[in-house]
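Reviewing the structure listed below.
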Amino acid sequence: MTAAYRLKGIGWFGSCVAVVLGFYLVSLQVAAERKKLDDVNARIRTAERDIRALETEFDTRANLVQLEKWNGDTLALTAPVAGQFVGDEAQLASLDVTRGPATGAVQTAALLVPAQSVPVTQPVVTTAAVAKVRPQAVAMLDRQLLSDTTLGDILKGAKSESRRRR
């Protein structure tokens, strides 16, 4: 009877060890599944970031014609040329923008319009007229550059951001 009593205690101990090991194995399995889920979520975030970048690239490329039109009509931006850069630090140090040009001739900025199908003509305007027209032209620039839907989207985004900050 004592042998059976001892075997009964060992049986209970063995069954308890088996249950604890079972719970531990389940815990390990849950941790492994969580790790897999975190990896999948990280890949999803990376894919969403890539999708946003590609959508931005697509929208930009789709609007290149519009951007070129704006550049020809309003912005008049051109790529820099080699003569605008200095060769080394000594040339950069020798530039003195406070004295002006040494020859006495004043250089002014020129409007360069890229080649396009419809030529853009610029009226000759006096300095006083520029002071009067310029603020109006700048104030109406957003209406020329942005459609009503784009402007509405920007305003909606600004309102939602201001709500989130509160």
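With R₀ fixed at 30 Å, the C-beta to C-beta distance from L25 to E48 puts the FRET efficiency at about 0.30.
Simple spin-label estimate for D73 and L92 gives 3.9 nm between the two label positions (7 Å along the Cα-to-Cβ direction from each Cα). For region 1-102, the solvent-accessible area works out to 92 Å² per residue, with a probe of 1.4 Å and every protein chain left in place.
Taking 30 Å as R0, compute the FRET efficiency from the Cβ-Cβ separation of F58 and Q84 and round it to 0.05.
On the way: r = 32 Å, r/R0 = 1.08.
Once the sixth-power term is evaluated, E becomes 0.40.
Under 14 Å of direct C-alpha separation, and excluding same-chain neighbours fewer than eight residues apart, K156 reaches these aspartates and glutamates: D148. Using the Cβ-Cβ distance between D38 and R164 with R0 set to 30 Å, the FRET efficiency from 1/(1 + (r/R0)^6) comes to roughly 0.70.
The values are calculated or read from the model by the stated rules, or taken from the named source; none is laboratory data. Only a predicted model underlies this, so the values are computations on that prediction, with no experimental measurement involved. All Cβ positions, glycine included, derive from the backbone under ideal geometry; neighbour counts span all protein chains shown. Surface areas here come from the heavy atoms of the whole protein model, side chains and all, with no ligands, DNA or RNA. Shrake-Rupley method; radii C 1.70, N 1.55, O 1.52, S 1.80 Å.
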